[in-house]
Amino acid sequence: MNSLLSDAGSLLRIEGLSVSFETDVGRVKAAENVCFELYRDETLALVGETGCGKSVVASSIMQLLPHNACVQGSAVYAGRDLLGLGEKEMAGIRGSEIAIVFQNPSLSLNPIMRVGEQIAEMLRLRRGFSHIPSLQLAEDMLCRLGLRGWDNMKMYPFQFSGGMNQRVMIATTMILSPKIIIADEPSKGLDEALAGEVMAEMVKIKHQMGSSLLLITHDLMLAREISDRMAVMYCGEIMEIGKSQDVFHRPLHPYTIALLSCLPERGFKAIPGSSPSMINPPVGCKFYPRCPNRQEKCKRKPNMRQVGTGREVRCWLY
(Lines give C-alpha, C1' and ligand atoms only; values in the text may rest on other atoms or scores of the structure.)
Protein backbone atom coordinates (compact mmCIF):
# COMPACT_ATOMS: atom_id res chain seq x y z
CA MET A 1 0.00 0.00 0.00
CA ASN A 2 1.08 3.60 -0.62
CA SER A 3 2.38 5.29 2.52
CA LEU A 4 3.16 8.65 0.90
CA LEU A 5 -0.38 9.78 0.22
CA SER A 6 0.32 13.39 1.09
CA ASP A 7 2.89 13.54 -1.72
CA ALA A 8 0.77 11.69 -4.25
CA GLY A 9 -1.67 14.51 -5.01
CA SER A 10 -5.45 14.48 -5.22
CA LEU A 11 -6.89 12.76 -8.28
CA LEU A 12 -10.60 13.05 -7.42
CA ARG A 13 -12.13 15.52 -4.96
CA ILE A 14 -15.71 15.11 -3.76
CA GLU A 15 -17.14 18.23 -2.11
CA GLY A 16 -20.54 18.61 -0.47
CA LEU A 17 -22.12 15.74 -2.39
CA SER A 18 -25.79 15.40 -1.45
CA VAL A 19 -28.21 13.07 -3.22
CA SER A 20 -31.93 12.68 -2.66
CA PHE A 21 -34.69 10.80 -4.45
CA GLU A 22 -38.31 11.86 -4.78
CA THR A 23 -40.54 8.85 -4.07
CA ASP A 24 -44.22 8.23 -3.40
CA VAL A 25 -43.52 8.03 0.33
CA GLY A 26 -41.29 11.08 0.56
CA ARG A 27 -37.81 12.36 -0.21
CA VAL A 28 -35.08 9.80 0.48
CA LYS A 29 -31.88 11.52 1.62
CA ALA A 30 -29.36 8.96 0.35
CA ALA A 31 -26.20 11.05 0.77
CA GLU A 32 -25.62 14.28 2.68
CA ASN A 33 -22.62 16.59 2.42
CA VAL A 34 -20.19 13.79 1.50
CA CYS A 35 -16.60 15.05 1.20
CA PHE A 36 -13.42 13.09 0.51
CA GLU A 37 -10.38 12.97 -1.75
CA LEU A 38 -8.96 10.05 -3.69
CA TYR A 39 -5.19 10.31 -4.09
CA ARG A 40 -3.02 9.04 -6.92
CA ASP A 41 -2.14 5.34 -6.70
CA GLU A 42 -4.10 4.80 -3.47
CA THR A 43 -6.96 2.54 -2.49
CA LEU A 44 -9.69 4.28 -0.51
CA ALA A 45 -12.40 2.07 1.01
CA LEU A 46 -15.87 3.48 1.55
CA VAL A 47 -17.41 1.17 4.14
CA GLY A 48 -20.66 0.89 6.04
CA GLU A 49 -23.81 -1.17 6.43
CA THR A 50 -25.95 -2.09 3.43
CA GLY A 51 -28.20 0.82 2.47
CA CYS A 52 -26.07 3.58 3.97
CA GLY A 53 -25.53 5.34 0.62
CA LYS A 54 -22.17 4.00 -0.53
CA SER A 55 -23.32 2.87 -3.98
CA VAL A 56 -25.21 6.13 -4.48
CA VAL A 57 -21.92 8.00 -4.13
CA ALA A 58 -20.33 5.81 -6.80
CA SER A 59 -23.24 6.20 -9.22
CA SER A 60 -23.25 9.97 -8.64
CA ILE A 61 -19.61 10.28 -9.66
CA MET A 62 -20.34 8.38 -12.88
CA GLN A 63 -23.65 10.19 -13.55
CA LEU A 64 -25.53 6.90 -13.50
CA LEU A 65 -28.40 7.80 -11.18
CA PRO A 66 -32.07 7.57 -12.19
CA HIS A 67 -33.99 10.64 -13.32
CA ASN A 68 -35.70 11.14 -9.95
CA ALA A 69 -32.35 11.89 -8.28
CA CYS A 70 -31.48 15.39 -7.12
CA VAL A 71 -27.69 15.84 -6.94
CA GLN A 72 -25.79 18.74 -5.38
CA GLY A 73 -22.09 19.32 -4.79
CA SER A 74 -19.08 18.61 -6.99
CA ALA A 75 -16.80 15.77 -8.08
CA VAL A 76 -13.65 17.32 -9.52
CA TYR A 77 -11.42 15.18 -11.73
CA ALA A 78 -8.61 16.57 -13.93
CA GLY A 79 -9.86 20.09 -13.29
CA ARG A 80 -13.44 19.31 -14.38
CA ASP A 81 -16.55 18.89 -12.28
CA LEU A 82 -17.94 15.54 -13.42
CA LEU A 83 -21.39 16.39 -12.09
CA GLY A 84 -21.64 19.32 -14.49
CA LEU A 85 -20.53 17.53 -17.66
CA GLY A 86 -22.88 16.61 -20.50
CA GLU A 87 -23.55 13.01 -21.47
CA LYS A 88 -21.19 13.13 -24.47
CA GLU A 89 -18.27 14.28 -22.29
CA MET A 90 -19.07 11.71 -19.60
CA ALA A 91 -19.26 8.94 -22.18
CA GLY A 92 -15.67 9.71 -23.14
CA ILE A 93 -14.55 9.50 -19.51
CA ARG A 94 -16.47 6.36 -18.48
CA GLY A 95 -14.45 3.23 -19.03
CA SER A 96 -11.32 4.84 -20.42
CA GLU A 97 -10.48 7.26 -17.56
CA ILE A 98 -12.86 6.28 -14.77
CA ALA A 99 -14.29 2.76 -14.77
CA ILE A 100 -16.75 1.04 -12.47
CA VAL A 101 -17.19 -2.60 -11.47
CA PHE A 102 -20.88 -3.06 -10.72
CA GLN A 103 -22.37 -5.29 -8.03
CA ASN A 104 -24.46 -7.34 -10.44
CA PRO A 105 -22.53 -8.52 -13.53
CA SER A 106 -25.63 -10.23 -14.96
CA LEU A 107 -27.08 -6.78 -15.65
CA SER A 108 -23.89 -5.50 -17.28
CA LEU A 109 -22.65 -8.36 -19.46
CA ASN A 110 -24.13 -9.10 -22.89
CA PRO A 111 -25.77 -12.56 -22.56
CA ILE A 112 -25.35 -13.43 -26.26
CA MET A 113 -21.70 -12.39 -26.62
CA ARG A 114 -18.71 -14.55 -25.65
CA VAL A 115 -16.93 -13.19 -22.59
CA GLY A 116 -13.58 -12.94 -24.36
CA GLU A 117 -15.12 -10.83 -27.10
CA GLN A 118 -16.76 -8.55 -24.55
CA ILE A 119 -13.43 -7.81 -22.90
CA ALA A 120 -11.56 -7.46 -26.20
CA GLU A 121 -14.25 -5.19 -27.64
CA MET A 122 -13.27 -2.46 -25.18
CA LEU A 123 -9.76 -2.39 -26.65
CA ARG A 124 -11.03 -2.32 -30.23
CA LEU A 125 -13.59 0.44 -29.68
CA ARG A 126 -11.62 2.69 -27.31
CA ARG A 127 -7.99 1.99 -28.24
CA GLY A 128 -8.16 0.93 -31.90
CA PHE A 129 -6.65 -2.55 -31.35
CA SER A 130 -7.05 -5.17 -34.07
CA HIS A 131 -8.95 -8.41 -33.44
CA ILE A 132 -6.18 -10.89 -32.51
CA PRO A 133 -4.06 -8.63 -30.21
CA SER A 134 -7.19 -7.53 -28.34
CA LEU A 135 -8.21 -11.15 -27.72
CA GLN A 136 -4.70 -12.02 -26.52
CA LEU A 137 -4.74 -9.17 -24.00
CA ALA A 138 -8.24 -10.17 -22.89
CA GLU A 139 -7.10 -13.75 -22.30
CA ASP A 140 -4.10 -12.53 -20.31
CA MET A 141 -6.33 -10.40 -18.08
CA LEU A 142 -8.75 -13.28 -17.47
CA CYS A 143 -5.84 -15.59 -16.62
CA ARG A 144 -4.57 -13.13 -14.05
CA LEU A 145 -7.99 -13.14 -12.42
CA GLY A 146 -8.13 -16.94 -12.22
CA LEU A 147 -10.01 -17.86 -15.42
CA ARG A 148 -7.26 -19.61 -17.38
CA GLY A 149 -7.59 -21.24 -20.76
CA TRP A 150 -8.93 -20.35 -24.18
CA ASP A 151 -12.11 -22.32 -23.45
CA ASN A 152 -13.15 -19.73 -20.85
CA MET A 153 -12.77 -17.01 -23.48
CA LYS A 154 -15.33 -18.76 -25.68
CA MET A 155 -17.95 -19.14 -22.94
CA TYR A 156 -21.13 -17.07 -22.64
CA PRO A 157 -22.07 -15.34 -19.35
CA PHE A 158 -24.95 -17.79 -18.70
CA GLN A 159 -22.41 -20.64 -18.68
CA PHE A 160 -20.48 -19.02 -15.84
CA SER A 161 -21.27 -18.79 -12.14
CA GLY A 162 -21.96 -15.40 -10.58
CA GLY A 163 -18.43 -15.29 -9.18
CA MET A 164 -16.87 -16.08 -12.55
CA ASN A 165 -18.93 -13.36 -14.22
CA GLN A 166 -17.80 -10.95 -11.51
CA ARG A 167 -14.20 -11.64 -12.56
CA VAL A 168 -15.16 -11.05 -16.19
CA MET A 169 -16.57 -7.67 -15.14
CA ILE A 170 -13.32 -6.82 -13.32
CA ALA A 171 -11.31 -7.79 -16.42
CA THR A 172 -13.55 -5.67 -18.66
CA THR A 173 -13.14 -2.72 -16.31
CA MET A 174 -9.36 -2.91 -16.01
CA ILE A 175 -8.44 -3.76 -19.61
CA LEU A 176 -8.29 -0.06 -20.61
CA SER A 177 -5.99 0.90 -17.70
CA PRO A 178 -8.27 3.65 -16.34
CA LYS A 179 -6.91 6.27 -13.96
CA ILE A 180 -9.64 5.57 -11.42
CA ILE A 181 -11.40 2.27 -10.74
CA ILE A 182 -14.61 2.34 -8.72
CA ALA A 183 -15.33 -1.15 -7.41
CA ASP A 184 -18.84 -1.52 -5.98
CA GLU A 185 -18.84 -4.69 -3.85
CA PRO A 186 -16.38 -6.43 -6.23
CA SER A 187 -16.11 -9.53 -4.04
CA LYS A 188 -19.85 -10.19 -4.11
CA GLY A 189 -20.56 -13.76 -5.21
CA LEU A 190 -17.04 -14.95 -4.38
CA ASP A 191 -16.22 -17.18 -1.43
CA GLU A 192 -13.82 -15.74 1.15
CA ALA A 193 -10.66 -17.44 -0.15
CA LEU A 194 -11.36 -16.62 -3.79
CA ALA A 195 -12.38 -13.06 -2.93
CA GLY A 196 -9.03 -12.48 -1.25
CA GLU A 197 -7.14 -13.96 -4.20
CA VAL A 198 -9.05 -12.00 -6.86
CA MET A 199 -8.87 -8.72 -4.96
CA ALA A 200 -5.15 -9.13 -4.32
CA GLU A 201 -4.59 -9.60 -8.06
CA MET A 202 -6.86 -6.65 -8.80
CA VAL A 203 -4.79 -4.42 -6.52
CA LYS A 204 -1.58 -5.72 -8.09
CA ILE A 205 -2.85 -4.86 -11.59
CA LYS A 206 -4.01 -1.47 -10.28
CA HIS A 207 -0.51 -0.66 -9.04
CA GLN A 208 1.06 -1.73 -12.34
CA MET A 209 -1.32 0.56 -14.21
CA GLY A 210 -0.77 3.43 -11.78
CA SER A 211 -4.50 3.65 -11.08
CA SER A 212 -6.40 4.65 -7.97
CA LEU A 213 -9.14 2.47 -6.51
CA LEU A 214 -12.32 3.55 -4.74
CA LEU A 215 -13.49 0.35 -3.05
CA ILE A 216 -17.11 0.32 -1.92
CA THR A 217 -17.76 -2.56 0.43
CA HIS A 218 -19.42 -3.75 3.61
CA ASP A 219 -16.59 -6.30 4.01
CA LEU A 220 -14.48 -4.71 6.72
CA MET A 221 -11.77 -7.37 6.59
CA LEU A 222 -11.33 -6.90 2.85
CA ALA A 223 -11.11 -3.14 3.35
CA ARG A 224 -8.45 -3.53 6.02
CA GLU A 225 -6.38 -5.87 3.86
CA ILE A 226 -6.23 -3.88 0.63
CA SER A 227 -7.02 -0.22 1.36
CA ASP A 228 -4.70 2.62 2.35
CA ARG A 229 -7.43 4.75 3.85
CA MET A 230 -10.98 4.13 4.99
CA ALA A 231 -14.08 6.34 5.07
CA VAL A 232 -16.87 5.04 7.33
CA MET A 233 -20.40 5.92 6.21
CA TYR A 234 -23.66 5.84 8.16
CA CYS A 235 -27.12 6.91 7.01
CA GLY A 236 -25.78 8.96 4.09
CA GLU A 237 -22.97 10.72 5.96
CA ILE A 238 -19.26 10.02 6.38
CA MET A 239 -18.56 9.64 10.09
CA GLU A 240 -14.82 9.01 10.08
CA ILE A 241 -11.87 9.02 7.69
CA GLY A 242 -8.33 7.85 8.34
CA LYS A 243 -5.63 5.38 7.44
CA SER A 244 -7.17 1.93 7.43
CA GLN A 245 -4.91 0.47 10.09
CA ASP A 246 -5.53 3.48 12.36
CA VAL A 247 -9.30 3.18 11.95
CA PHE A 248 -9.17 -0.54 12.78
CA HIS A 249 -6.84 -0.30 15.74
CA ARG A 250 -8.03 3.05 17.13
CA PRO A 251 -11.56 3.82 15.93
CA LEU A 252 -12.81 7.24 17.02
CA HIS A 253 -16.49 7.55 16.16
CA PRO A 254 -18.90 5.51 18.33
CA TYR A 255 -20.45 4.11 15.16
CA THR A 256 -17.07 2.89 13.88
CA ILE A 257 -16.45 1.25 17.24
CA ALA A 258 -19.87 -0.42 17.12
CA LEU A 259 -19.41 -1.52 13.50
CA LEU A 260 -16.04 -3.14 14.22
CA SER A 261 -17.55 -4.86 17.28
CA CYS A 262 -19.82 -6.76 14.86
CA LEU A 263 -16.79 -8.68 13.59
CA PRO A 264 -16.45 -12.27 14.90
CA GLU A 265 -12.92 -11.56 16.13
CA ARG A 266 -14.31 -8.74 18.30
CA GLY A 267 -17.20 -10.59 19.85
CA PHE A 268 -19.82 -10.46 17.08
CA LYS A 269 -21.83 -7.83 19.02
CA ALA A 270 -24.84 -6.43 17.18
CA ILE A 271 -25.36 -2.66 17.14
CA PRO A 272 -28.31 -1.85 19.44
CA GLY A 273 -31.43 -0.44 17.81
CA SER A 274 -32.08 -0.21 14.09
CA SER A 275 -30.86 1.89 11.20
CA PRO A 276 -32.77 5.19 10.98
CA SER A 277 -35.13 6.17 8.19
CA MET A 278 -33.44 8.01 5.36
CA ILE A 279 -36.70 9.86 4.76
CA ASN A 280 -36.92 11.18 8.33
CA PRO A 281 -33.39 10.82 9.74
CA PRO A 282 -32.61 11.90 13.31
CA VAL A 283 -31.97 15.59 13.90
CA GLY A 284 -28.35 16.28 14.79
CA CYS A 285 -25.99 13.31 14.83
CA LYS A 286 -27.67 10.51 12.91
CA PHE A 287 -26.15 7.89 15.21
CA TYR A 288 -27.54 9.66 18.29
CA PRO A 289 -30.48 7.25 18.97
CA ARG A 290 -28.12 4.22 19.03
CA CYS A 291 -25.03 5.82 20.56
CA PRO A 292 -23.89 4.72 24.05
CA ASN A 293 -22.04 8.04 24.49
CA ARG A 294 -24.89 10.37 23.48
CA GLN A 295 -25.22 13.74 25.15
CA GLU A 296 -27.70 16.57 24.88
CA LYS A 297 -25.50 18.47 22.43
CA CYS A 298 -25.57 15.47 20.07
CA LYS A 299 -29.04 16.68 19.05
CA ARG A 300 -27.16 19.35 17.09
CA LYS A 301 -25.43 18.26 13.88
CA PRO A 302 -21.65 17.90 14.33
CA ASN A 303 -19.20 18.85 11.57
CA MET A 304 -16.19 16.81 10.49
CA ARG A 305 -13.26 17.65 12.76
CA GLN A 306 -9.54 17.14 12.20
CA VAL A 307 -8.15 14.84 14.89
CA GLY A 308 -4.41 14.37 14.45
CA THR A 309 -2.68 13.78 11.14
CA GLY A 310 -4.94 12.41 8.43
CA ARG A 311 -7.85 11.66 10.77
CA GLU A 312 -11.30 13.27 10.59
CA VAL A 313 -14.35 12.44 12.67
CA ARG A 314 -17.93 13.73 12.84
CA CYS A 315 -18.57 13.66 16.58
CA TRP A 316 -19.00 16.07 19.50
CA LEU A 317 -16.63 13.95 21.59
CA TYR A 318 -13.66 15.47 19.72
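The values are calculated or read from the model by the stated rules, or taken from the named source; none is laboratory data. Just so you know, these numbers come straight off a predicted model, no measurement behind them. Positions of Cβ are backbone-derived with ideal geometry, glycine not excepted, and every protein chain shown enters the neighbour counts.
Return yes or no: is ASP81 among the acidic types (Asp, Glu), within 27 Å of GLY273 (Cβ to Cβ) and free of Cβ contacts under 8 Å to residues at least 60 places away in the same chain? In short, no. Screening GLY273 against (1) loosely packed, with under 13 Cβ neighbours inside 10 Å; (2) in a helix (DSSP H, G or I) leaves a single unmet condition, (2). Filtered by the rule that a residue be surrounded by 12 or more Cβ atoms within 10 Å (Cβ to Cβ) and either of a type in the set (Asp, Glu) or within 19 Å of GLY92 (Cβ to Cβ) (or both), segment 119-135 gives GLU121, MET122, LEU123, ARG124, LEU125, ARG126, ARG127, PHE129. For segment 230-250, residues that are more than 14 Å from GLY53 (Cβ to Cβ), touching a helix residue (DSSP H, G or I) at 6+ places or on another chain (Cβ under 6 Å) and buried (at least 20 other Cβ atoms within 10 Å of the Cβ) total 3.
Suppose we filter ILE241, ILE205, ILE226 for residues that are β-branched (Val, Ile, Thr) and modelled with pLDDT of 95 or more; which single one remains? The conditions single out ILE241. Considering the conditions (1) surrounded by fewer than 17 Cβ atoms within 10 Å (Cβ to Cβ); (2) more than 19 Å from LYS179 (Cα to Cα), GLY116 is excluded by exactly one of them, (1). In the set ILE205, ILE175, ILE180, only one residue is among the β-branched types (Val, Ile, Thr) and in contact with an Asp or Glu (Cβ under 8 Å, 6 or more places away or on another chain); that residue is ILE180. Taking the condition of being of a type in the set (Phe, Trp, Tyr) and in contact (Cβ under 8 Å) with a residue 60 or more places away in the chain, how many residues in segment 13-69 meet it? Final tally of qualifying residues: 2.
Could you say whether any residue in segment 47-68 is of a type in the set (Val, Ile, Thr), more than 26 Å from LYS88 (Cβ to Cβ) and buried (at least 17 other Cβ atoms within 10 Å of the Cβ)? Scanning segment 47-68, I find at least one residue that is of a type in the set (Val, Ile, Thr), more than 26 Å from LYS88 (Cβ to Cβ) and buried (at least 17 other Cβ atoms within 10 Å of the Cβ), so the answer is yes.
Please go through segment 116-153 and pick out each residue that is among the hydrophobic types (A, V, I, L, M, F, W, C), assigned to a helix (DSSP H, G or I) and more than 28 Å from the chain's Cα centre (by Cα). If the condition is that a residue be among the hydrophobic types (A, V, I, L, M, F, W, C), assigned to a helix (DSSP H, G or I) and more than 28 Å from the chain's Cα centre (by Cα), then ILE132, LEU135, TRP150 are the ones that fit. Of all residues in segment 276-290, exactly one satisfies the criterion of being among the basic types (Lys, Arg) and assigned to a loop (DSSP other than H, G, I, E, B), namely LYS286. Pairs are defined by a Cβ separation below 6 Å, a sequence spacing of at least 6 or placement on different chains, a first member in segment 228-256 that is closer than 17 Å to TRP316 by Cβ, and a second member that is modelled with pLDDT of 95 or more and in a helix (DSSP H, G or I); the pairs so defined are VAL232/THR256; TYR234/TYR255; MET239/TYR255; GLU240/THR256; PRO251/ILE257; PRO251/LEU260. Restricting attention to segment 259-288, the residues being in contact with a Ser or Thr (Cβ under 9 Å, 6 or more places away or on another chain) and free of Cβ contacts under 8 Å to residues at least 60 places away in the same chain number 5.
Evaluation of GLN306 against the conditions (1) modelled with pLDDT of 95 or more; (2) under 17 Å from LYS29 (Cβ atoms) shows that the sole unmet condition is (2). The number of residues in segment 15-50 that are in contact with a helix residue (DSSP H, G or I) (Cβ under 8 Å, 6 or more places away or on another chain) and hydroxyl-bearing (Ser, Thr, Tyr) comes to 2.
Selection of strands (runs of 3 or more DSSP E) fully inside segment 1-115 by the criterion of at least 2 residues being among the basic types (Lys, Arg) returns 26-39.
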